[in-house]
Each structure stands twice: as structure tokens, then as C-alpha cells.
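This report concerns only the one structure given below.
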Amino acid sequence: MVDDSIHRRKFLYGAATASIAGFAGCTSGSGGDGGSSDGNASGDGSSGDSNGGGGSMSLRVGTSAGGTKNVGLAVERAVSQNSDELSYSTVESPGYVGTIYRMAQDQFNGGITDNNSLTKALDDRGSFAEKSVDEIPYYGFYAFPYSIYVVARNGTGIETFDDLAGKNVYPAEPGYSTRATTLDVWSQKPTKGIYDKMNIQNMGVGDAPGAMEEGRIDAAIAYGTPGAGYTGWVTEYDARVDVHYVEPTDALKQSIESYAGAGSSEISVDEWGMQQDIQTDQVFTWDLEVNYTFTPEASEDAVYELCRVVDEHNDAVNEAEQQFNDFESTSDMLGSARKRIPVHPGAAKYYKENDAWDDNLSVGK
């Protein structure tokens, strides 16, 4: 099994295609980073405090449970140790979609969410088709990826993505952001014909390793953050079932590149390999890219200071939580930025002052 304390990660994700928007886990439980909530659930830890506006140097950051919350707490710790000016607090929020809704309602002025959910909010797709938002938050910096690929049980005859047609395929638990991103990618035109022939399995992640062991699941996604390890249920089936890598087809790569809500990477298995040999040295992944975002009302000075802390004291964040990106340069903080999503003015100021700005991006007003 992969140890979650596996070696520190260097920033590996600059290969994401410019036209593309990548451990998104549960809606609320262990590893929880889902996106199915509409933001109306109670128990967000806000205690009715709706002061989500731009206090001069104050940020309240909405954060999903599980791994995403651990990242948020690591950043909060780094701020408390390395900034005398910024007041930072973590507020539990119901998933990535729920975070977007709550930021639009000014319940907090910062939030950790993902490019797929942000893209759907822009286009009124998914949950936002029934309940849209008046604004989406501005981009701040890249927090971490959940990189995803497919493995199949040995003996199923599955070698490439095309072989998944007619097979029992498990794309994670309903409500998981990794599942939503995976199905969004697969349902693109180049691979839709194969996707339509799959027997998509719906069950909790707690049941999936047993179902694979019993032969009821032929193939499943594997995902995690390179250098930080896989999500828990993946490490469990890794220990119980003999599996191998499913080779991507050109059509799958085209589907990934054509879908605005996902990035892509080619990653050596040495960076995060399973305990067993999955019969490849490198995996091609589609990535759920998770970002720090901020409302337009968030203080420019506060966002600027947070960018400074996570850049200058990146080691302090990584020491507390390996899942957070290990930036090699300031420009890597823009690794998941997209043209359609403006950058917060405070963040843009920081990038420009540090010669890291990308002129293809826009600054929010």
C-alpha cells in the first residue's frame, strides 16, 4: 500500500493544456472534497456569521472536509507563523460546489474549489443548471491536483480504454468530484460511444474494494496527489486485488483536451506508484485542479499577503500537509489558471511584482 507520508512532491503539472481547465473525494466524509451540495446544508461552522466581505486584512476560507480541509489548515498554520498582518480562519464548507454557492452568498470571502465546478458555474451546467450563481470567485493560486487514471483487474482482458465497453466500470462514489470529472471527460464526443456502452457501477467507496475482489467490478479509477499518495479506498484495493494500467487511446486524450474542466499530466509511477507493479512506467491522467479562490470583495492586501506567505513559505505548508503543491517558482502558482476565470486583483498584483504574470490571463474588477 502507498504510505500517505510518501516523499515530498515537486510541481509536476505545468503540462496541462492551455485550453483545458485535475484526490477529489467525498461529499463530506474521509478524504471529503465533493461537489454535490448546493450550499444550503447546515453545520458549516460559520455560526451565523456572514462577515464574508473584505475586512482590511482578514480572510475566512471555506474548505471541504477531509484532505482539502487538511490543506486549508496547513495554510492557516503557515499564515499564523509567518504573517503579523493577515487574519486567516478556516470554515468548513459542503464540497466544492457548495463552496461556490456560499461564496456567492458572501458567507466567506475565500474558498477552495476546483476548475470543473467553476467552469460549470460559468456555463450553468450540473448543479448550476437548476440554481445558478450571480458571480463566481476569482482565481488566487493552484492548491493541488487530484490526478486520475484507470486500472483493470488482471484477467478481464481489458488493455486499452476501448476495452471498457461492456465492462463493469467504477468511477468512484456518486457525488464525488473525481467521479463527476471522470464522467464529464468520458462523455465528450471522441469517447462517448465507449462510455455509453460501459456498465457504470454505483456504490460507496467502502464497498468497492470488496466488489473488485469478488469480480463485480472489472475496472476502476485510481487517483490521488502525486508525491502525497492515493486516496484511502484506492490503497485498499491495491492491497487486495491484482490490477494493471489501462492504456489511454488517442480518443481519450482528445476528450480530456476538449473538456474545459480538466487538466492533463504525464506522471512517472515512481512519483506515487502503487505497491504492486501495474505494468507501466508512466501514467497519463486527467486532473481535477483544486484552487484557492476569492470573492471580488476580498481585500486586495489580504489576498496579496496570502500569496506571499504560500510562495515564500511553501515549505512550511508542505511540512504540515504534503498534498499542497510544492512550487518551484512563483509562476507555478498560476499552473491551473484559466482565461475564463479572472485572477483576483490582489493575487495579480503579487504575480506582476514578482515577474510571474501571464498576459493571457485577465484581472478581476
* To do: With just the Cα atoms of the range 102-228, tell me how far they stretch along each of the three principal axes, in Å, largest first.
  => 52, 33, 22
* Using a 1.4 Å probe and ignoring any ligands, DNA or RNA, find the accessible area of Asp242 and quote it in Å² to the nearest 10. => 100
* Structure fact -> With a 23 Å threshold on alpha-carbon distance, the violating pairs from Lys167/Lys192; Lys253/Lys352; Lys197/Lys339 are Lys253/Lys352; Lys197/Lys339
* Tally Lys/Arg at +1 and Asp/Glu at -1 over every other residue whose Cβ is under 15 Å from the Cβ of Glu135; what's the total? -> 0
* Structure fact -> For the Gln279, Gln105 Cβ pair and Förster radius 51 Å, calculated FRET efficiency rounded to 0.05 is 0.60
* Structure fact -> For Lys197, the net charge from surrounding residues (Cβ-Cβ under 14 Å; K, R +1; D, E -1) works out to -2
* Apply 1/(1 + (r/R0)^6) to the Cβ-Cβ distance of Asp250 and Lys189, taking R0 = 22 Å, and write down the FRET efficiency to the nearest 0.05. => 0.95
* **Inter-centroid distance (Cα atoms) of the range 129-172 relative to the range 257-283, Å** => 12
* To do: Averaging over all projection directions, find the projected area of the Cα convex hull of the range 287-352 and quote it in nm² with one decimal place.
  => 4.8
* Asked: What is the spin-label model distance, in nm, from Arg216 to Asp355 if the labels are put 7 Å beyond Cα along the C-beta direction?
  -> 5.9
* Roughly to the nearest percent, how much of the accessible area of the range 146-263 is carbon and sulfur, given a 1.4 Å probe? -> 40
* Structure fact -> Mean accessible area per residue over the range 238-344 (1.4 angstrom probe, all protein chains present, square angstrom) is 36
* Solvent exposure, largest accessible area first (probe 1.4 Å, DNA, RNA and ligands not counted), of Asp196, Asp355 -> Asp355, Asp196
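The values are calculated or read from the model by the stated rules, or taken from the named source; none is laboratory data. What you see is a predicted model, and the numbers here were worked out from it, not measured in a lab. All Cβ positions, even for glycine, are placed from backbone atoms using ideal geometry, and neighbour counts span all protein chains on display. Areas reflect the complete protein model, heavy atoms only, side chains present, ligands, DNA and RNA absent. Shrake-Rupley method; radii C 1.70, N 1.55, O 1.52, S 1.80 Å.
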